[in-house]
Amino acid sequence: MSISNSEFRTTEAAPPAKEHSTALRTGSIGVMGILFFVLSAQAPLTGIAGASPLAAALGNGAGAPGAYLIVGVVIVIFAVGFVAMSRKIQANGAFYAYVTAAFGRKAGAGAAWLALLAYSTVQAAMYGLYGAAFSGLLASIGLSIPWWLLALVTMAGVQVLGSLNIELGARVLALLVGLEVAVLLLFGFTVLFRGGGPEGLSIAASFSPEAIASGAPGVAIMFAVASMFGFESTAIYSAEAKDAHRTVARATYLSVGVIAVFFSFISWMLVSYYGPAQVMGAAGAALESGDATTFVLAPMVELFGPWAGITTGILLVTSLLAGIIAFHNGINRYLHSLALRGSLPAIVARTNRHRAPAVAAWIQTLTAVVLVAPFALLALDPVLTLFSWFSGLAVAALLVLYILCSAAVVGFFRRDRVAGQLWQTLLAPALAALLLAWVLSLVTSNFTALIGGSIETAIALLSAVPVMFAAGVLVESRIERRQRANNLGHIV
């Protein structure tokens, strides 16, 4: 028996004034607002400056841009079923709501805990890179401030922003994302109009099957997946969207298309700038220098002068900040939705006068502190450990969620059939599950390279995925037993 929409809907009118509100602010965000939240989660400049040298040096060299398109195609196929489900189930905790609708509350709770693991760890990873980048930027002007102190102060600022209305968050993200996208497009179109670098422009060198399959394409695909992280947050804002059915669908397809084309184009221009035969060596030299971002910053300085390097360095910090804010908002809404359905204490669902999930915001901020603090206390490298370890874990957890969601689409629509939508409700999600399983196998088989750690570290991190899913199922089982006991007591 399928779950009705009302069980997931979170847009009811606010309760009487004397009660604590749990309602989010409805109709407060449109397609472009959601798109900026999604692009912020991707942190475009961070993805280009951080992932492209790794994908080129450790992966398939000049074929790295093709990996972004392959992953983009896989995600588009996944999005077909995802969007079909969003039109049936409105919830600001998309993954767990969809899994619950298909497989029940226990499986849905497991998916919810996996989502919280993925989003919380990737945000903590971004705090590590953010702290290191910000600390390095300040050091260039003579200020020595430890990365962890910058991260802690930023957590406080993000907490304040998360407690305000969503329009303010969208405006801040729009500004930050717009600036970093602008500087990358300036570089990309400059190289394009110049006809490339020493070897000119070559589509075949980056997008032919031979180029994509060269070297270690699995590594490049892993980093492409990491760069796409967060597009599914379109559905998280369904309770606050204007005309949710249309807004979520449009924002989802638009975000996937924009992200895949943008990353593919900019990485292709980097390949063209260095030359297909030289790009792998240039990326490797950047990694060996200890600052992989020079792979992107050096061309900026050469093309536009010193100001471009300074500006890009600043925008790298703001890019990470935008991503942190986006994940903060997304995690808040997951916690809020879980509390509304009784899987977390009711107090977590409370919203403030701005209709923002204030209690959930505090929980999210404290979680970030707990995840980041051990790396600071143990004086570990924030990039080589905190960023790389948690990024790898987040990618693995999210891929499992994608597969679960695809299976949920098939399961849900086998019971609640929609005439004339075989592609949306069966073929596309089934194909997506197979393709995503293939991508997950690439991630796990190359996990030590992805995190830059030992096999023991890889096993410890990957084990968190089944452990968190099982924990969600067990907690939900206890809640159901307690509810049955309470109901029996009322009957007696």
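Quick notes
- When you count the other C-beta atoms within 10 angstrom of each residue and take the mean per peptide, 306-317, 270-281 line up highest first as 270-281, 306-317.
- Stokes-Einstein D (µm²/s) once Rh is taken as the Kirkwood radius of region 340-450 over alpha-carbon pairs, at 25 °C in 0.890 mPa s: 139 µm²/s
- Projecting label points 7 angstrom from Cα along Cα→Cβ for residue 474 and residue 352 puts them 3.5 nm apart.
- Area of residue 88 that stays accessible when all protein chains are in place (1.4 Å probe, Å², to 10): 60 Å²
- Cα-centred dipole magnitude for region 349-492, charges only on beta-carbon of K, R (+1) and D, E (-1), debye, nearest 20: 780 debye
- About the Cα centre, charge dipole magnitude for region 415-483 (Lys/Arg +1, Asp/Glu -1 at Cβ), debye: 280 debye
- With DNA, RNA and ligands ignored, accessible area of residue 134 (1.4 Å probe; Å², nearest 10): 50 Å²
- For the peptides 374-383, 341-350, the ranking by mean Cβ contacts within 10 Å, running from highest to lowest, is 341-350, 374-383.
- In the complete set of protein chains, residue-level accessible area for residue 129 is approximately 30 Å², probe 1.4 angstrom.
- Working ranking of peptides 387-398, 145-156, 353-364, 319-330 by packing, defined as the average number of other Cβ atoms within 10 Å per residue, highest first, is 319-330, 387-398, 353-364, 145-156.
- Gyration tensor (Cα) of region 334-396, equivalent ellipsoid semi-axes in angstrom: 30, 13, 9
- Cα shape, region 396-492, gyration tensor, a/c 1.5 rule: oblate
- Modelled label reach - residue 384, point 7 Å along Cα→Cβ, region 431-466 residues with backbone N closer than 20 Å: 447-461
The values are calculated or read from the model by the stated rules, or taken from the named source; none is laboratory data. The structure displayed is predicted, hence computed values, not measured ones. Here Cβ is always computed from backbone atoms with ideal geometry, including for glycine, and neighbour counts include all displayed protein chains. Ligands, DNA and RNA are excluded from the accessible area calculation, which covers all protein heavy atoms including side chains. Shrake-Rupley method; radii C 1.70, N 1.55, O 1.52, S 1.80 Å.
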